[in-house]
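The values are calculated or read from the model by the stated rules, or taken from the named source; none is laboratory data. Remember, predicted model here, so these are calculated numbers, not experimental data. Don't worry about glycine lacking a Cβ; one is built from the backbone with ideal geometry, like all the others, and counts go over all protein chains shown. With ligands, DNA and RNA removed, areas are computed over all heavy atoms of the protein, side chains included. Shrake-Rupley method; radii C 1.70, N 1.55, O 1.52, S 1.80 Å.
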Amino acid sequence: MRIAVVGYGVEGRAAVDYWLDKGDVTVCAPKLDTDTPEGVAIRVGPDYLAGLNEFDLVVRSPGVRPDLIPPGIATTSVIREFLRACPAPVIGVTGTQGKGTTCTAITSILRAAGQRVFLAGNIGVPPLTFLSGVRADDWVVLEISNFQLMDCSSSPHISVVLPITPDHVNWHTELSEYYESKAPIAAFQNPNDVIVFRADNPIASGIAARSPGRPVPVGRPDGFNVRESGIFRGQTRIVDVADVHLLGRHNLENIAAAVAATHDIVGGDPSVIQAGVRTLEPLPHRLAPVGEVDGVLYVNDSLSTTPETSRAAMAAFTAPKVVILGGSSKGVTYETLAEAVMTCGVRRALVVGQDGPAIASALHAHGFTDYELVEGPMSAIVNRAASVAYPGDVVLLSPACASLDNYRNYADRGDQFIAAVGSLG
């Protein structure tokens with residue numbers, strides 16, 4: 001069997017390891033940043049997609065659009081193969097924001113119930129790396145992105161659809177394609193499956209409506225919902241707000257989705273759910289406090305790469321804020337970001353990066369004038385933030401943009417922010 005692995009990032013490497021003993025493997029990629037295993041052929045360069053019809057199977061990496069693979073060729077991916085072969089029930093989570101937090105909360109609740117759980121997917125671990133060790137009585141929690149979902153032909157047993165808002169417009173042909181790319185998480189379920197969805201988001205609700213599974217709404221009074229005092233199922237409080245250590249109402253809503261997904265699995269036991277929720281800590285680079293310097297709290301939210309996630313981050317703090325916004329473009333507009341800056345107590349916005357001028361233009365159009373364009377490395381940006389912040393303020397790195405203009409990725413951007421804060425004073 002001749003197998004082409006197209007793309008050689010994290011999932012591509014996992015695919016090579018998985019298929020290496022199943023046939024003759026060739027890596028096809030525009031470039032290679034790491035060596036391939038012995039015995040693996042390579043096709044590298046601008047013509048890496050040429051000749052794919054020579055292979056019996058093509059394994060698509062998430063960054064490669066499905067329509068770049070010639071029609072008529074048997075094609076799969078790491079997520080597709082895992083969903084096909086996994087012996088355990090899978091809980092899959094998608095959405096524009098909150099996927100990582102929701103997946104982590106689901107995992108924590110199930111582990112509090114004594115379940116053996118694997119957490120993988122877009123959160124950083126390709127699931128094929130542990131497939132051989134999964135038992136039928138385990139649970140697998142997958143964070144699944146649009147890139148991974150868009151050509152799937154099967155759905156998880158329990159699917160969770162979080163709010164879906166504009167994103168990745170620079171990669172998709174149009175916004176409707178991005179929305180449609182999420183649909184496979186629900187479309188191939190059966191009547192014995194469960195679809196958890198944010199009822200207050202029209203796109204999520206529309207995707208959920210395609211599932212024949214049992215619907216479980218989140219964000220509706222008759223379903224799982226968030227109030228000031230905690231997370232409720234209908235009128236019954238399941239989680240007290242004091243049990244949640246994560247900042248922001250949006251995180252309460254993410255945890256509510258996790259509670260909805262796990263409620264029946266743990267027999268509705270609130271003590272188990274509460275125990276799982278209490279163990280949650282901020283994800284790296286997601287609303288993570290870095291430290292306080294001269295009475296100013298510095299918060300790393302580098303993982304916020306859309307206007308909606310940055311809007312939620314700003315709303316999480318009542319204190320006056322100095323917000324660092326900007327980075328590389330994902331093709332979205334910034335009107336909602338400007339509205340959030342106007343309404344969320346932002347005293348100064350430092351606008352940076354490739355899309356900085358576009359953000360500045362949106363702020364100006366909405367009448368917000370306390371912004372400035374800042375150039376230079378992260379150390380210079382943080383020093384400028386420190387110079388305009390007052391005791392009691394929050395300096396919030398929540399870019400609303402991707403990071404690939406000046407950084408390797410969002411983690412590199414966040415790490416440089418942490419280092420720069422550590423150098424203050």
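Less than 5 angstrom separates the built amide H of Phe188 from those of Ser155, all sequence-distant by 5 or more or on a different chain.
For the chain, DSSP calls about 20 percent of its internal beta bridges antiparallel. Rounded to a whole number, what % of the accessible area of the chain do carbon and sulfur atoms account for, probe 1.4 Å? Reported share for carbon and sulfur atoms: 51 percent. Applying the criteria of a DSSP loop state and at most 16 other Cβ atoms within 10 Å to the trypsin sites (Lys or Arg not before Pro) of the stretch 77-149 yields Arg116, Arg135.
The stretch 123-249: Rg/Rh from Cα coordinates, Kirkwood Rh?
Numbers: Rg = 16.3 Å, Rh = 16.3 Å.
Checking Rg against Rh, the ratio lands at 1.00.
A cut-off of 5 Å between modelled amide H atoms, ignoring neighbours fewer than 5 places along the same chain, links Val169 with Val332.
Residues in the stretch 90-100 carry Karplus couplings, in order, of 10, 9, x, 10, 9, x, 7, 9, x, 4, x Hz; the curve used is 6.51 cos²θ - 1.76 cosθ + 1.60 with θ = phi - 60°, and Gly or Pro positions show x. Applied to the stretch 14-25, the Karplus parametrisation 6.51 cos²θ - 1.76 cosθ + 1.60 on θ = phi - 60° returns per-residue 3J(HN,Hα) values of 5, 5, 4, 4, 6, 8, 4, 9, 10, x, 8, 9 Hz, with x for Gly and Pro.
The P(r) of the stretch 14-102 has a tail past 14 Å containing 72 percent of all C-alpha pairs.
Compactness check for the stretch 317-420: Cα Rg over 2.2 N^0.38 Å is 0.99.
Here the 3J(HN,Hα) profile of the stretch 261-268, calculated from phi with Karplus coefficients 6.51, -1.76 and 1.60 at θ = phi - 60°, is 6, 10, 3, 6, 4, 9, x, x Hz, Gly and Pro shown as x.
May I ask you to give the solvent-accessible area per residue for the stretch 68-224, in square angstrom, as obtained with a 1.4 angstrom probe? So the stretch 68-224 comes to 36 Å² accessible per residue, rounded to a whole number. Put a dot 7 Å past the Cα of Arg278, heading toward its Cβ, do the same for Ala365, and the two dots end up 4.9 nm apart. Here the calculated FRET efficiency for Glu372 and Val241, from their Cβ-Cβ distance with R0 = 30 Å, stands at 0.25, rounded to the nearest 0.05. Legend: P(r) of the stretch 225-290 from all alpha carbon pair distances, 10 Å bins from 0, whole percents, reading 21, 56, 20, 3.
Proximity of backbone amide H atoms, modeled 1.01 Å from N, is registered between Val296 and Gly392 at under 5 Å, excluding neighbours fewer than 5 places apart on the same chain. Taking the square roots of five times each eigenvalue of the Cα gyration tensor of the stretch 1-158, the equivalent ellipsoid has semi-axes of 29, 16, 14 Å, listed largest first.
Considering the zone a paramagnetic label at Glu174 would reach in this model (a point 7 Å from Cα along the Cα-to-Cβ line), which residues of the stretch 319-363 have amide N under 13 Å from it? No residue qualifies, since no backbone N sits under 13 Å from the label point. Treating each Cα of the stretch 174-247 as an identical point scatterer and summing with the Debye formula, the log10 of I(q)/I(0) at q = 0.13 Å⁻¹ comes to -0.48.
Between the beta carbons of Asp35 and Ile73, assuming R0 = 25 Å, the FRET efficiency works out to 0.40 to the nearest 0.05.
Given the stretch 373-425, what whole percent of its Cα pairs are spread farther than 14 Å? The share of Cα pairs beyond 14 Å in the stretch 373-425 comes to 54 percent. Please report the base-10 log of the normalised intensity I(q)/I(0) for the chain, using a Debye sum with one equal scatterer per alpha carbon and no solvent, at each q in 0.12 (1/Å). The computed values of log10 I(q)/I(0) come out as -1.04.
Per residue, what accessible area does the stretch 279-425 have, given a 1.4 Å probe and all protein chains present, in Å²? The partial results should precede the final answer.
On the way: 6000 Å² over 147 residues.
Heavy-atom accessible area per residue stands at 41 Å².
Can you figure out the FRET efficiency of Ala136 with Asp24, using R₀ = 35 Å and their beta-carbon distance, to the nearest 0.05?
Values: r = 32 Å, r/R0 = 0.91.
So the FRET efficiency works out to roughly 0.65.
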